């Protein structure tokens, strides 16, 4: 009985010593991996500073994959994305940023990752007639930043850029509406102009859109609708050229009335001058 107890004690001590050795080996391995990662990260930074973002990106990705548990791993991925972005390699930057957002959820720099992702799409907008996909993606990300990170510097800049994007989208709607007008497709044109008035009423295109709705409704015989849009235009933009153009459409005697008023004014001035001759 005593011998069996002694044997059990020896076995327990042996297992305990083995587990401690395994823990020590594991800690050494982790330290070694982290050291390797820091070296690779430093090498990537040197290449980045030289301007070789392609090689730097590969090294940053290598560092991140070498030891993903390290605090340096997400930083490496963000640096890789920024490097690609800075040189216009947007697709590579987007891949890194999407992987960062999936792999490191809740990271303190998530707001920056979304902002950089928005810029990747924003900077690819060249022609509003062609780049609708990039426009809409940038819009979605800027709106996400404003909603989820309202007190950041990224939200402030996102608001400015979002205003510009809204103008671009409105200009695209205006382009399509004019296209339909040129081909005398009145109903599709009306739908586009209405969309500008409804969805993009803060843009520079809303006045013209209202006038075109007056013009087109009058053309197809819907005078009540034409007058409705003329009223909106007059209430909000009475001093604009578009209101005057709409007024001329709905008042056939407008030019005659205007000329008569002008003639009367000149006559009164002539009479006034004669009094002092």
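Checking each residue of region 194-201 against the condition of being at pLDDT below 95 and farther than 21 Å from residue 166 by Cα gives no match. For beta carbons closer than 6 Å, sequence separation of 6+ or different chains, a first residue in region 103-114 that is in a loop (DSSP other than H, G, I, E, B) and a second that is modelled with pLDDT under 95, the qualifying pairs are 104/74; 107/74. Does residue 141 satisfy the condition of being modelled with pLDDT of 95 or more, more than 22 Å from residue 61 (Cβ to Cβ) and in a helix (DSSP H, G or I)? Judged against the criteria, residue 141 is a match.
Within region 175-196, work out how many residues are free of Cβ contacts under 8 Å to residues at least 24 places away in the same chain and within 27 Å of the chain's Cα centre (by Cα). Let's see the steps before the verdict.
Going residue by residue through region 175-196, those that are free of Cβ contacts under 8 Å to residues at least 24 places away in the same chain are 176, 178-180, 182-185, 187-188, 191-195.
Those still in the list that are within 27 Å of the chain's Cα centre (by Cα) too: 176, 178-179, 191-195.
Of the residues in that region, 8 qualify.
Only one of the listed residues (218, 229) is surrounded by 20 or more Cβ atoms within 10 Å (Cβ to Cβ), assigned by TED's automatic domain parsing to the domain that holds residue 245 and either at pLDDT below 95 or not in a helix (DSSP H, G or I) (or both). That residue is 229. Among the residues of region 232-277, those identified as surrounded by fewer than 10 Cβ atoms within 10 Å (Cβ to Cβ) and either part of a loop (DSSP other than H, G, I, E, B) or modelled with pLDDT of 85 or more (or both) are 235, 239, 252, 253, 275, 276, 277.
Within the option set 172, 159, 191, being surrounded by 17 or more Cβ atoms within 10 Å (Cβ to Cβ) and in contact with a helix residue (DSSP H, G or I) (Cβ under 9 Å, 6 or more places away or on another chain) holds for one residue only, 172. Taking the stated definitions as given, is residue 78 in contact (Cβ under 8 Å) with a residue 24 or more places away in the chain and within 23 Å of residue 37 (Cβ to Cβ)? Judged against the criteria, residue 78 is a match.
Check whether at least one residue in region 28-38 is surrounded by 13 or more Cβ atoms within 10 Å (Cβ to Cβ), outside any helix (DSSP H, G or I) and free of Cβ contacts under 8 Å to residues at least 40 places away in the same chain, and report yes or no.
So in region 28-38, the residues surrounded by 13 or more Cβ atoms within 10 Å (Cβ to Cβ) come out as 30, 33-34, 36-38.
From what is left, the residues that are outside any helix (DSSP H, G or I) are none.
No, region 28-38 contains no residue that is surrounded by 13 or more Cβ atoms within 10 Å (Cβ to Cβ), outside any helix (DSSP H, G or I) and free of Cβ contacts under 8 Å to residues at least 40 places away in the same chain.
The values are calculated or read from the model by the stated rules, or taken from the named source; none is laboratory data. What you see is a predicted model, and the numbers here were worked out from it, not measured in a lab. Cβ: placed from backbone, ideal geometry, glycine included. Neighbour counts: every protein chain shown.
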